[in-house]
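Quick notes on the structure that follows.
The values are calculated or read from the model by the stated rules, or taken from the named source; none is laboratory data. Please read all numbers here as calculations on a predicted model, not as lab measurements. Quick reminder, even Gly has a Cβ in these numbers, built from the backbone with ideal geometry, and neighbours come from all protein chains shown. Accessible surface areas use protein heavy atoms only, side chains included; no ligands, DNA or RNA. Shrake-Rupley method; radii C 1.70, N 1.55, O 1.52, S 1.80 Å.
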Amino acid sequence: MKKLTLGMLILCLAGAANASSLDSLVKECDDCHGNNGVSLEADIPTIAGFSATTIEDMMFAYIDKKRPATRSKFRRGDTGRPATDMYVIATNLAETDIERLAAYYAKQTFIASKQKFNRDLVQAGSKLHTSGCVKCHEAGGSSADDDAGILAGQWIPYLQQAFKEYRSGERKTLRKMTKEINKLSEKDIDALIHFYASQQE
């Protein structure tokens with residue numbers, strides 16, 4: 001049997017520590033975002049299946065205060081913990097932790113939220129998506145490969161809040177996206193949201 005050198009032993013122990021550390025980081029994220037990043041809370045997005053690039057960009061947007069961070073209580077686990085927000089969480093993570101978390105959630109399976117939606121708005125929303133959104137949000141907003149996040153199957157209240165933040169300028173984004181969003185009426189936005197919510201398969 002091959003003997004372990006001290007260096008090999010240290011590497012093994014470091015690997016075990018890293019695995020444990022990632023588990024604890026994932027646990028904290030899952031306590032709001034749901035098991036493996038599949039949200040059961042209407043105001044919190046599912047992040048499972050997002051590309052690693054998208055998740056990293058989101059985290060650094062919080063750190064740079066380009067995205068508002070709403071204070072929230074933990075939804076699972078020890079719910080008696082003090083409320084926190086994504087700015088606090090992101091700034092307390094090392095860059096390597098963000099990269100590891102992003103890689104982990106990118107490997108998970110996105111599961112669309114099962115929710116009621118207005119069927120009368122879906123066709124109009126689909127047309128709006130095709131005319132103004134499809135260049136960046138491919139496959140009806142369901143693709144992770146475009147590094148623009150997954151819109152299809154997200155919770156309606158979360159999408160409503162996201163559009164509100166984009167419209168107000170609280171959430172910074174690409175100039176071309178701001179331009180497209182500002183073209184939309186409130187009725188158009190409602191139709192788009194219900195189109196995305198309708199994609200539950």
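Odds and ends about this structure:
- Any hit, the range 187-198, residues being closer than 22 Å to TYR105 by Cβ and not aromatic (Phe, Trp, Tyr): yes
- For first residues located in the range 75-92 and closer than 13 Å to ASP30 by Cβ, partners that are aromatic (Phe, Trp, Tyr) and at pLDDT 95 or above and lie 6+ apart or on another chain with Cβ distances below 8 Å form the pairs ILE89/TYR62.
- The selection criterion, being open to solvent by 30 Å² or more (accessible area, probe 1.4 Å), in a helix (DSSP H, G or I) and acidic (Asp, Glu), holds for GLU56.
- Which numbered condition ALA16 misses (of (1) more than 16 Å from the chain's Cα centre (by Cα); (2) among the small types (Gly, Ala, Ser); (3) at pLDDT 95 or above): (3)
- Subset of the range 24-40 (residues that are of a type in the set (D, E, K, R) and either touching a Ser or Thr at 6+ places or on another chain (Cβ under 6 Å) or open to solvent by less than 60 Å² (accessible area, probe 1.4 Å) (or both)): ASP30, ASP31
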